[in-house]
Structures are given as C-alpha cells and as structure tokens.
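The values are calculated or read from the model by the stated rules, or taken from the named source; none is laboratory data. From a predicted model like this one, the values you see are computed outputs, not experimental measurements. Note: ideal-geometry Cβ built from the backbone for every residue, glycine included; neighbour counts use all protein chains shown. Areas reflect the complete protein model, heavy atoms only, side chains present, ligands, DNA and RNA absent. Shrake-Rupley method; radii C 1.70, N 1.55, O 1.52, S 1.80 Å.
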Amino acid sequence: MADYSAIIVGTGSCVPERRLTNDDLSKLVDTNDEWITQRTGIKERRIAGDGETTASMGAIACRKALEAAGMQPADVDLIICGTITPEMQFPSTACFIARELGLHTTPAFDVTAACSGFIFCLDTAAAFVESGRYRNVLVVGSETLSRVTDYTDRGSCILFGDGAGAVLLQRSTDKKRGLLYSSLHADGHGWEMLYCRPGSRHPINQDLVTQRAQFMQIKGREVYKFAVQRFHELIEDAMQKCNLKAEDIKLIIPHQVNQRIIDAAIERLKLPTEKVYVNIARYGNTSSASIPIALDEAWRAGMTKPGDVLVFVAFGAGLTWANAVVRV
Ligand code: COA
C-alpha cells in the first residue's frame with residue numbers, strides 16, 4: 001500500500017493557432033473532406049508555426065496547469081514529458097521545458113511511449129509521489145507531429161496535429177482520491193506498424209531523405225485493428241479491476257485516434273456515448289498530448305468535479321498500450 005496518493009490538482013493545454021482543414025489537405029494530396037470525416041471524424045488539426053516547438057507548447061501547458069493549481073514553477077519537484085517529437089534528439093524536452101519555466105535544478109526527463117506516452121508518464125509520476133519521494137510533479141504530453149508528417153502521403157497526413165497538455169500531480173494523504181489503478185504494456189515485436197526511422201539504426205543521410213524516411217510511416221489498417229481490440233480490453237480491465245459499473249464512471253478520455261475506433265469499442269462495450277470525451281474533430285491525433293488536452297478541456301468546462309472517476313486509455317507505437325483510473 002502506497003504511503004500517499006497522487007492527486008491531479010491542475011490541468012493546462014496549448015494548441016497552435018494555425019488550422020489545417022480537410023479542404024486544405026485536399027489541395028496537397030488526393031483526398032477530400034467527406035472521406036476524411038467519414039473514415040476518421042477529423043475536420044481540422046492545429047499546426048505549429050515558426051518558433052512553436054514541443055518544449056514551447058509544453059511549457060505553456062505547464063504554466064496553465066500550475067496557475068490552475070495556484071502554484072509556482074518553484075514549487076515543482078519533478079517534470080516528466082511524454083513525446084515522440086522531442087525538441088532535439090537530446091537534451092530531453094523536459095529539460096527545455098524546465099528551462100522555459102525558469103528552473104535550474106529541478107529534475108526533468110522524457111518518456112517515449114508514443115500515443116500511450118501520457119499514461120506512462122502519469123503512472124511514473126504517481127509512483128514518485130505515492131512513495132513520498134516528491135510532492136509536486138508536472139506531467140506533460142507534447143507533440144509537433146506536423147514536423148515528422150509526410151504531406152505527400154494521404155494515408156497518414158490527414159491524421160496528425162500538434163499540441164500539448166499537462167497536469168500537476170500533488171501528494172496527498174486522502175487515499176480515496178488519486179490514481180486508483182493503471183496498467184502499462186509494450187510489445188516491440190509490433191514496431192513495424194508505425195515508426196519514424198532516423199536514429200542509430202538509420203542515421204540521417206541523403207539516402208534517408210531521398211526516400212522520405214525522415215517522416216513517420218504507418219500501416220493504418222493494422223493499427224486500426226490493434227487499436228479497436230486494445231481499446232475494448234483496456235476499458236474492460238479498468239472496470240473489472242476497480243469494480244466499476246458504467247454509472248460509476250464520469251468520463252472515459254481515450255487517446256484521440258479515430259472516431260470510428262472509439263465508436264466501435266464503445267458500441268462493443270455497450271457504454272453510453274456521452275460518457276466518452278472526444279475532440280478529435282478539432283485536433284486530429286496529437287499522440288501523447290491528446291489525453292491531457294481533452295482532460296484540460298473537460299476540466300475547464302466543469303465536466304469533472306472532485307470525487308469523479310475518470311478512465312484513460314491509450315495505444316500506439318512500440319507497440320504500447322495503457323489504461324489508468326483516476327478519482328479527481
Ligand atoms: N483520402 C481518400 N482515400 C484514401 C485516403 C485519403 N486520405 N487514404 C487512403 N485512402 C484510400 C486507400 O488508398 C484505399 O483505397 P483502395 O481501396 O483503392 O486501395 C481506401 O481509401 C481504404 O483505405 P484503408 O487504409 O483501408 O482505409 P481505412 O478505413 O482503414 O482508414 C485510416 C484509414 C488510416 C484512417 C485508419 O486505418 C486509421 O485510422 N488507422 C489508425 C491510424 C494510426 O495509425 N494512428 C496512429 C496510431 S495511434
């Protein structure tokens with residue numbers, strides 16, 4: 001039994017101003033609004049402008065989460081950032097975020113779990129908080145996926161957008177609240193379903209760029225099947241382990257992958273659609289940022305109140321998949 005609980009006391013998010021609509025995309029590749037809307041539910045996504053980066057958006061989301069909690073950057077004991085589109089290959093994006101927050105000694109590191117990144121970070125942060133090691137931990141998911149998206153590939157470029165979301169986790173002695181349950185999973189055997197090649201196996205060189213291999217590659221159909229199956233299992237697992245019925249859950253906040261994937265899982269589970277928070281039409285898939293952006297929207301709209309139970313589920317490259325049950 002943990003010494004303490006880890007409670008979400010503030011949320012924040014940041015998305016770029018610039019919008020890329022389905023009609024804009026139809027001028028770049030052979031696609032159209034009707035196809036994209038029917039197959040994905042996405043209408044537009046936000047695209048980082050010049051000077052907007054994974055760290056700059058992450059830092060803004062963190063500042064907003066701190067403000068919401070009535071805290072200052074100096075109160076933060078640790079920063080954990082989930083990202084697959086880091087500021088640079090190194091140092092970590094979390095170090096850049098700490099720098100933008102004016103911090104000089106606060107520990108900061110990144111976690112790479114693709115679209116499951118936010119839940120992996122939340123679970124890691126909660127372990128630090130629950131053990132008593134740290135009191136206030138910023139958990140950030142931030143992505144500039146537009147910078148690794150191939151805008152000549154109609155199968156992938158329609159899906160992704162940029163943005164960041166953050167929560168402040170705080171130590172508490174109230175054991176009824178906080179992270180009630182979580183499970184993290186990974187299977188590297190499925191790496192070929194979605195990946196971005198540059199790295200020690202494929203250092204950046206002219207050949208790589210000629211092949212357009214600096215961009216993400218996805219096998220959309222395979223990911224689709226994987227996501228529907230995992231989504232269903234993760235919700236069932238969360239409900240079983242926490243002994244929850246549908247009426248006990250205030251909101252399910254899934255990784256915003258595809259409206260059809262979300263609908264298919266919810267229908268199979270016979271859950272009421274109003275329990276599921278979906279904002280994919282406005283932002284597309286923002287990978288590790290999607291859950292904290294959605295949480296921040298729901299939080300600020302007054303859709304979650306102290307005592308409410310929230311369920312997060314995510315799946316993505318790795319392969320990785322994860323769930324978390326939180327009592328606000
Ligand atoms: N516009 C118009 N037609 C398109 C298109 C586009 N943007 N992209 C693909 N098509 C075509 C295909 O070429 C194919 O044509 P064909 O039948 O003549 O070969 C047809 O539409 C169906 O393609 P398919 O890939 O089977 O469609 P789908 O229903 O699976 O939808 C995705 C494609 C990508 C939207 C869907 O599979 C998906 O969301 N997958 C998961 C995405 C993912 O990996 N997310 C990141 C990880 S979390």
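Taking region 225-319, which trypsin sites (Lys or Arg not before Pro) meet the DSSP loop condition and have no more than 11 other C-beta atoms within 10 Å? Hits after loop and neighbour filter: K245, K270.
With a simple spin-label model that places each label point 7 Å from the Cα along the Cα-to-Cβ direction, the separation between Q89 and A281 comes to 4.2 nm.
Ratio to report: Rg/Rh of region 276-327, with Cα atoms as the point set and Rh obtained by the Kirkwood method; give two decimals. Can you show the working numbers first?
Working: Rg = 11.8 Å, Rh = 12.1 Å.
Dividing the radius of gyration by the Kirkwood radius yields 0.98.
For E247 and R300, the difference between the fully extended length at 0.36 nm per residue and the C-alpha to C-alpha distance is 16.9 nm. So what is the relative contact order for the chain, in percent, with contacts set as C-alpha pairs under 8 Å and at least six apart? Reported relative contact order: 26 percent.
Residues D263, D3 ordered from highest to lowest accessible area at a 1.4 Å probe: D3, D263. Only alpha carbons enter this Debye calculation for the chain, each as an equal point scatterer, and the log10 of I(q)/I(0) it gives at q = 0.12, 0.14, 0.15 Å⁻¹ is -0.77, -1.06, -1.23. Remark: spin-label model distance E34-H104 equals 6.2 nm, labels positioned 7 Å along the Cα→Cβ axis. The listed residues H232, H185 rank as H185, H232 when sorted by accessible area, largest first, using a 1.4 Å probe.
Here the mean projected area of the convex hull built on the C-alpha positions of region 124-166 is 3.9 nm².
Two numbers describe the Cα atoms of region 179-327: Rg and Dmax, which are 17.0, 56 Å.
Name the residue, out of R133, R201, R171, whose mean-square fluctuation peaks in a Gaussian network model built on the chain with Cα pairs under 10 Å. Answer for the Gaussian network model of the chain: R201. Two numbers describe the Cα atoms of region 5-175: Rg and Dmax, which are 17.4, 56 Å. Counting only protein heavy atoms and using a 1.4 Å probe, the accessible area of V76 comes to about 10 Å².
Nearest 0.05, what FRET efficiency do T173 and T210 give at R0 = 56 Å with Cβ-Cβ as r?
Values: r = 59 Å, r/R0 = 1.05.
The computed FRET efficiency comes out at 0.45.
Restriction of the trypsin sites (Lys or Arg not before Pro) in region 1-107 to DSSP coil positions whose beta-carbon has at most 11 other beta-carbons within 10 angstrom yields K27.
Farthest towards the positive end of the charge dipole of the chain, among the residues G58, T31, P306, is the Cα of P306, using unit charges on the Cβ of Lys, Arg, Asp and Glu. For region 102-197, the list of GluC sites (Glu not before Pro) that fall in a loop by DSSP and count at most 16 other C-beta atoms within 10 angstrom is empty.
Annotation: peptides 82-95, 311-324, ranked by per-residue average of other Cβ atoms within 10 Å with the highest first, follow the order 311-324, 82-95.
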